[in-house]
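Structure record follows, encoded as structure tokens.
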Amino acid sequence: MFKPQIVTDNIFYVGVNDRQKHKFENLISLTRGVSYNSYLIIDEKTALVDTVDISFGMSFIQKILDVLNGRTLDYLIINHMEPDHSGSIGLLQKYFPEIIIVGNAKTLSMVEGFHGAVGNSLEIKESDILNLGKHVLQFFMIPMVHWPETMVTFDKTSRVLFSGDAFGSFGTLDGAIIDSQMNAHRFRNEMIRYYANIVGKYGSPVQKALDKIAPLPIDFICSTHGPVWTENIAQVLEIYGDLANFRAAEGVVIVYGTMHGNTEQMAEAVARGVAETGVKHVLVYNAALADSSIILRDIYKYKGLIVGSPTYNNELNPAVESLLRKLEVRNVRNRIFGYFGSYSWVSAAVKQIKHFAEKMDFTLAETVVEQKQALTLESYEKCIQLGKEVGEMVKKSAVCK
Ligand code: FEO
């Protein structure tokens, strides 16, 4: 029924595609779905690496049974306990009651917390080895990529890194599972969107994880979401290095809130100013209508950020406020930042964006534009000046393309 898909050397893909959920974690849009990847190693001992969201538990079990072809499952290795990967542990234990759960102390504690009991288990520590026969597995802790218990498993024999969420992306696997067998280009943006929205708060742990895996001779990266990387390993490592260190490409994201169009007119003028400097990536988003996960993705991609808001109930526009909070929580840094705003009778928005900007590790444009009521010619020209200033600063400081 299920034709097994091989990664390499008796390592089989047994993951599933989710085209049903509208939002990942009930927050982040899934325009082209998401895959929950799981891998089954067949050797003298059999081992499964991670499980899948419980919504797909039965088709997952069927795939495992088909690959096992009558054999039992000896080990379940848990790299990450978030339920999109651990949700099927209980179901798996029903089918394979003797299975040994392999994880670190934090993992095993979470298994008990989420599933009530651990069952048979093998607690492992940093650099421990598990020998399956031909395949020799080694474990490395990468806490906070993306939870405290997260670890990676390296198959020393087949040079395969089972990386958990790291290097994962949104988007289903439509037929092929390995980057060399598909047009993997579309996953680049979805990897950045996954990082910005899910892992982005943990740049420093990600850098530590990259340093830890750097000496490993990796031929395949098997993440829990998106393609298996083999042809593009150098590129995905570079993308992760840039993201973890907030290095960004030449481009400017302009995000605004607007009630009746006056602040929007300011944003249009700012965009004109940026474009006049020759910066080609200029992305203008209405914060209340655009997909916030895409806005966040592009803020991670590009060096320049300009934010505008009207004063709303003596505060910021709520959609702009929500975005600024996301940036603050993730401690986004190393950006060229400009801002503008408007008000009808009392000024508040520009002061609040200024307050936000001063807390962040941003380089600020000198030009700030604040407009009372409708846009004047003087303010229009000042908005263009703001765009030009940020555009020129970005051209001097963007470091990756
Ligand atoms: Fe894909 Fe942190 O779970």
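The values are calculated or read from the model by the stated rules, or taken from the named source; none is laboratory data. None of the values given here were measured: they were computed from a predicted structure. Heads up, the Cβs are rebuilt from the backbone with ideal geometry, glycines too, and the neighbour counts pull from every protein chain shown. Side chains included, ligands, DNA and RNA excluded: accessible areas come from the protein's heavy atoms. Shrake-Rupley method; radii C 1.70, N 1.55, O 1.52, S 1.80 Å.
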**Complete:** For strands (runs of 3 or more DSSP E) lying entirely in the range 43-136, having 1 or more residues that are within 16 Å of the ligand (Cβ to nearest atom) picks out 47-49, 75-77, 100-103
**Asked** ALA117 fails exactly one of the following numbered conditions: (1) buried (at least 22 other Cβ atoms within 10 Å of the Cβ); (2) more than 16 Å from ASN37 (Cβ to Cβ). What is the number of that condition?
**Response** (1)
**Request:** Confirm whether ARG297 is closer than 27 Å to VAL206 by Cα, open to solvent by less than 70 Å² (accessible area, probe 1.4 Å) and either out of contact with any Cys (no Cβ under 7 Å at 6 or more places or on another chain) or of a type in the set (A, V, I, L, M, F, W, C) (or both).
**Result:** yes
**Request:** Could you check how many residues of the range 166-197 are part of a helix (DSSP H, G or I), under 19 Å from VAL52 (Cβ atoms) and open to solvent by 10 Å² or more (accessible area, probe 1.4 Å)?
**Result:** 1
**Item:** Residue that is farthest from ILE384 (Cα to Cα) [pool: residues in the range 322-353 that are among the hydroxyl-bearing types (Ser, Thr, Tyr) and open to solvent by 40 Å² or more (accessible area, probe 1.4 Å)]
**Value:** SER322
**Complete:** Residue count, the range 13-71, condition of a type in the set (Gly, Ala, Ser) and crowded, with 21+ Cβ neighbours inside 10 Å, comes to 4
**Asked** Of the numbered conditions (1) over 22 Å from VAL52 (Cβ atoms); (2) not in a helix (DSSP H, G or I), ILE221 satisfies every one except a single condition; which is it?
**Response** (1)
**Message:** Can you tell me which of (1) closer than 13 Å to ASN262 by Cβ; (2) open to solvent by 30 Å² or more (accessible area, probe 1.4 Å); (3) β-branched (Val, Ile, Thr) is the one VAL369 doesn't meet?
**Reply:** (2)
**Message:** Please pick out the residue among PHE162, PHE140, PHE154 that is in contact (Cβ under 8 Å) with a residue 40 or more places away in the chain, within 22 Å of ALA234 (Cβ to Cβ) and open to solvent by 10 Å² or more (accessible area, probe 1.4 Å).
**Reply:** PHE140
**Request:** Go through the range 372-391 and give me each residue that's under 18 Å from HIS281 (Cβ atoms) and open to solvent by 80 Å² or more (accessible area, probe 1.4 Å).
**Result:** LYS388
**Item:** Yes/no for LEU289 being open to solvent by 10 Å² or more (accessible area, probe 1.4 Å) and modelled with pLDDT of 95 or more
**Value:** yes
**Asked** Of all residues in the range 153-178, which are aliphatic (A, V, I, L, M) and within 13 Å of the ligand (Cβ to nearest atom)?
**Response** ALA166
